[in-house]
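The values are calculated or read from the model by the stated rules, or taken from the named source; none is laboratory data. This is a predicted model, so every value here is computed, not measured. We place every Cβ from the backbone using ideal geometry, glycine too, and count neighbours over all the protein chains shown. With ligands, DNA and RNA removed, areas are computed over all heavy atoms of the protein, side chains included. Shrake-Rupley method; radii C 1.70, N 1.55, O 1.52, S 1.80 Å.
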Amino acid sequence: MSKTVETLQISRIEVLASGLDGPRKLNFGPDGALYVAEAGRGGTGASIPSPSLPGASLFYGATGAITRIQNSVAERVVTGLPSLAFPDGSDAAGINDIEFDAYGNAYAIVGLASNPANRDALLEIPDFSQLIGIDSFDNGGSWTRLRDFGAYEQNNNPDKQGVNTNLYDLLIKDNNAYVLDAGANDLLRVSAFGSEINLETVFPARTTTDPLTGSEVVRQSVPTSVTVGLDGALYVGELTGFPFQTGTAQVYRINADGKPEVYAGGFTNISDIAFDKSGGLYVLEYDADGILNGSDAGALIYVSPDGKTRRTLASDELINPTGIEIGTDGDIYISNKGFTAGQGEVLRLKKDNPFNPDSIYNQVKRYTTTIAADGDLADVYYPVLPNATPDQLPIALMLQGALVDKAEYSNYAEKVASYGFVVVVPNNERTLTINGQSITGFLADQQQVSDVLAQMKLEDANATSPIFEIIDTDKLGLLGHSFGGYAGLAAIQNINDPGVSKGDYTRPPELKAGIFFGTSFQTPPDSGTFPTIDNQNIPVGLIAGTLDSIADFGEVASTYVKIQDTPKALIAIEGANHYGITNTDNLTREPNRPTLDQETATGAIGRWSGLFLRANLLNDQDAFNYVYKTGGDLDSNVSVIS
């Protein structure tokens, strides 16, 4: 199931143009200027019946326009285009979109929202329901009628509903003009602007209940927006017709057979859609609570490329928005107040530069050293710095899980190091006696914290060391797996736990954070008793695989609630088991098989470990916000409690 959250992504909204008459779709031209279609304010000429208000009429006037916005100056460059509106200029039908082909030629479509017979018999204005070519933007502009889509609807009526045409969106792709007719509920195409009109697809009507009468009615699709996805397919968003219910509008993908299939649903009254370069989808809602429900506030919703996450980027600031365009700079341009005369706007939504949670450094190197204090061999991972400066990289000590060789943590350690840390992974071999039974093997202990810190200070001062003078020896973070995480939690509390300490441990002041995977803290072990963890203001994070049968999620969560001081975080990796942190799964010691592949699990655990340490050792505010506020909603494999 996708997650729906609201999070700050827009840093500023500014008005680029105001005083427009029914602004609709907008597009950048070859000159870099932004061109806006204005449906106009109608006039005092001939009239036709209103399609939305029984008994009322829309009156003709040559008040439609195309406005060019360039260098912060808005200028109507094409005027005198046909328009129909109520006497107050609202609810206009007229020019709805402008597009440019690969050669810089401009084209536009003129709507109608009526039976084309009314155009011919009552208005006698043939420019309605036409594809037109813009011949000039000088001296008020000029245009030529190219294709009569109203006549096509009159003669064919593909959706078999009432005859109605309202050309609403235009897309030019591969020398084809795709015209979306919101009145006719179909997508049409003209090839090379010279052939006959071709039917691409019809959008399905659905039955629903009339909230006013309780009777069953047909709800038409009313498609309002067409764009091209990264896969080259056409995508179409729909407004939906009466009764304009919330959550019923869909985005369709036109499949290889020319049929619309649902790509994303649950929207309300879509007026436009657009994809960004990563495949994320922007959905512009004309009225976020439904056209009949009083409020005119729209919404801009972002759907992640994988479709799993939705974010509302703007809402109350948008009033009946009708068009969206994404600039080359990533800013978002929106036509606002799209059915009001004299009050229409073009807004620019300045995006925050989104935080990128990926690795900071592309290359990580490794060497092996000996910890002088205890003779342990340790692998040391460090990023290749393009411009190294002294004291740049804090230390991260990895405390291994019981009987797990350091080599099994190479992928995890590389990932953490890529976030700007010197990661040290020792093999600490010792004998532990539990209930009279001795176990010899790789077993972490608290004294490693001081021993490794002392070793890194030596190597930072050694001119022959690969990490000479690049370590920040005043900052140490702990990593740990399972038993090693237990040792880490004891070390942070500055206690001497007999299972992981010889009794002579004192916490060094350099220890400032710790994050551990597959770890619970019970005394005695496996007793079900979870003591208070006095972390003494040292940030602690716990990462748990949801399929971990050795330190199950309930035990990790019980440990988390006992952590006394914030900041703290509980990070769940969906589908990972107890060995999600290692290079390979352990089929012998872990009965549960993961549903998340090993590489993805290790990468996610390493990424969140690195970001947690950046947030708490380097005071990286962006990393902090990601870990504690937004990341759980943005990472499809992760949930966070903080």
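Just to be sure, is ILE395 among the β-branched types (Val, Ile, Thr), surrounded by 22 or more Cβ atoms within 10 Å (Cβ to Cβ) and not assigned by the TED database to the domain that holds ILE301? Against the criterion (among the β-branched types (Val, Ile, Thr), surrounded by 22 or more Cβ atoms within 10 Å (Cβ to Cβ) and not assigned by the TED database to the domain that holds ILE301), ILE395 qualifies. Within the set ASN427, ASN411, the sole residue that is of a type in the set (S, T, N, Q), touching a Gly at 6+ places or on another chain (Cβ under 9 Å), within 19 Å of THR582 (Cβ to Cβ) and open to solvent by 10 Å² or more (accessible area, probe 1.4 Å) turns out to be ASN411.
Restricting attention to the stretch 199-219, the residues that are closer than 21 Å to THR165 by Cβ, open to solvent by 60 Å² or more (accessible area, probe 1.4 Å) and assigned to a loop (DSSP other than H, G, I, E, B) total 0.
Number of residues in the stretch 363-390 that are hydrophobic (A, V, I, L, M, F, W, C) and assigned to a loop (DSSP other than H, G, I, E, B): the value is 6.
Given the condition open to solvent by less than 50 Å² (accessible area, probe 1.4 Å), outside any loop (DSSP other than H, G, I, E, B), in contact with a Gly (Cβ under 9 Å, 6 or more places away or on another chain) and closer than 21 Å to ASN293 by Cβ, answer yes or no: does some residue in the stretch 220-227 qualify? So far as the stretch 220-227 goes, yes, one or more of its residues are open to solvent by less than 50 Å² (accessible area, probe 1.4 Å), outside any loop (DSSP other than H, G, I, E, B), in contact with a Gly (Cβ under 9 Å, 6 or more places away or on another chain) and closer than 21 Å to ASN293 by Cβ.
Applying a threshold of 6 Å to beta carbon distances and a minimum spacing of six or more residues, or different chains, the list of pairs starting in the stretch 485-496 at a residue that is at positive phi and ending at one that is open to solvent by 20 Å² or more (accessible area, probe 1.4 Å) and of a type outside the set (A, V, I, L, M, F, W, C) reads ASN494/ARG507. From the list ALA108, ALA92, the lone residue that is in the same structural domain as LYS25 (by the TED database) and in contact with a Lys or Arg (Cβ under 8 Å, 6 or more places away or on another chain) is ALA92.
Yes or no, residue by residue, for (1) part of a strand (DSSP E or B); (2) in the same structural domain as ASP135 (by the TED database); (3) more than 20 Å from ALA274 (Cβ to Cβ):
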{"site": "GLU14", "(1), (2), (3)": "yes, yes, no"}
{"site": "GLY40", "(1), (2), (3)": "no, yes, yes"}
{"site": "GLY55", "(1), (2), (3)": "no, yes, yes"}
{"site": "TYR60", "(1), (2), (3)": "yes, yes, yes"}
{"site": "ILE69", "(1), (2), (3)": "yes, yes, no"}
{"site": "ALA74", "(1), (2), (3)": "yes, yes, yes"}
{"site": "LEU84", "(1), (2), (3)": "yes, yes, yes"}
{"site": "ASP88", "(1), (2), (3)": "no, yes, yes"}
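Any idea which of THR227, THR209, THR213, THR246 is modelled with pLDDT under 95 and closer than 24 Å to LYS308 by Cβ?
On the way: THR227 fails: modelled with pLDDT under 95; THR209 fails: closer than 24 Å to LYS308 by Cβ; THR213 fails: closer than 24 Å to LYS308 by Cβ.
THR246 is the lone residue from the list that is modelled with pLDDT under 95 and closer than 24 Å to LYS308 by Cβ.
Of the residues in the stretch 119-129, none is assigned to a strand (DSSP E or B), at pLDDT 95 or above and within 42 Å of the chain's Cα centre (by Cα).
Considering each of THR201, THR144, THR165 in turn, give the residue that is touching a Pro at 6+ places or on another chain (Cβ under 6 Å) and under 16 Å from ILE109 (Cα atoms). The conditions single out THR165. Restricting attention to the stretch 65-99, the residues being open to solvent by 30 Å² or more (accessible area, probe 1.4 Å) and hydrophobic (A, V, I, L, M, F, W, C) number 3.
If you check ILE581, ILE641, ILE605, ILE571, which single one turns out to be touching a strand residue (DSSP E or B) at 6+ places or on another chain (Cβ under 7 Å), touching a residue at least 24 places away in the same chain (Cβ under 8 Å) and open to solvent by 20 Å² or more (accessible area, probe 1.4 Å)? Talk me through it step by step, then tell me what you get.
Numbers: ILE581 fails: open to solvent by 20 Å² or more (accessible area, probe 1.4 Å); ILE605 fails: open to solvent by 20 Å² or more (accessible area, probe 1.4 Å); ILE571 fails: open to solvent by 20 Å² or more (accessible area, probe 1.4 Å).
Testing whether each residue is touching a strand residue (DSSP E or B) at 6+ places or on another chain (Cβ under 7 Å), touching a residue at least 24 places away in the same chain (Cβ under 8 Å) and open to solvent by 20 Å² or more (accessible area, probe 1.4 Å) leaves just ILE641.
Against the test of being loosely packed, with under 15 Cβ neighbours inside 10 Å, without any contact (Cβ under 8 Å) to a residue 12 or more places away in the chain and in the same structural domain as VAL423 (by the TED database), the options THR532, THR595, THR588 yield a single qualifying residue, THR588. Restricting attention to the stretch 139-190, which residues are of a type in the set (S, T, N, Q), open to solvent by 40 Å² or more (accessible area, probe 1.4 Å) and in a strand (DSSP E or B)? Across the stretch 139-190, the qualifying residues are SER142, THR144. For the condition assigned by the TED database to the domain that holds SER191, touching a strand residue (DSSP E or B) at 6+ places or on another chain (Cβ under 6 Å) and outside any strand (DSSP E or B), GLY64 does not qualify.
The single condition from (1) in contact (Cβ under 8 Å) with a residue 40 or more places away in the chain; (2) open to solvent by less than 30 Å² (accessible area, probe 1.4 Å) that ILE360 fails is (2).
Which one is nearest to ALA444 (Cα to Cα) among residues in the stretch 363-383 that are small (Gly, Ala, Ser) and open to solvent by 70 Å² or more (accessible area, probe 1.4 Å)? Ranking the candidates gives ALA373 first.
Filter the stretch 495-529 for residues that are open to solvent by 40 Å² or more (accessible area, probe 1.4 Å) and either within 43 Å of the chain's Cα centre (by Cα) or of a type in the set (Gly, Ala, Ser) (or both) and give the result. Hits for the stretch 495-529 are GLY503, ARG507, PRO509, LYS512, THR523, PRO525, ASP526, SER527, GLY528, THR529. Residues in the stretch 30-50 include at least one that is open to solvent by 50 Å² or more (accessible area, probe 1.4 Å), farther than 27 Å from TYR178 by Cβ and of a type outside the set (Val, Ile, Thr). The single condition from (1) open to solvent by 30 Å² or more (accessible area, probe 1.4 Å); (2) without any contact (Cβ under 8 Å) to a residue 24 or more places away in the chain that ASP306 fails is (2). Looking across the stretch 512-529, the residues that are closer than 18 Å to ILE492 by Cβ and either in contact with a Pro (Cβ under 9 Å, 6 or more places away or on another chain) or without any contact (Cβ under 8 Å) to a residue 24 or more places away in the chain (or both) come down to LYS512, ALA513, GLY514, ILE515, PHE521, GLN522, THR523. Examine the stretch 549-560 for a residue that is crowded, with 24+ Cβ neighbours inside 10 Å, among the aliphatic types (A, V, I, L, M) and within 24 Å of ASN427 (Cα to Cα), and state whether such a residue exists. Looking through the stretch 549-560, at least one residue is crowded, with 24+ Cβ neighbours inside 10 Å, among the aliphatic types (A, V, I, L, M) and within 24 Å of ASN427 (Cα to Cα).
Give, as residue ranges, the strands (runs of 3 or more DSSP E) completely inside the stretch 266-362 that count at least 3 residues that are among the basic types (Lys, Arg) and farther than 30 Å from ALA417 by Cβ. Walk me through it before giving the result.
On the way: elements: 270-275, 281-285, 299-303, 309-314, 323-326, 332-336, 344-351.
Passing ranges, in order: 344-351.
Taking the stretch 14-40 as the range and being within 26 Å of the chain's Cα centre (by Cα) and closer than 18 Å to PRO82 by Cβ as the test, the residues that pass are ARG24, LYS25.
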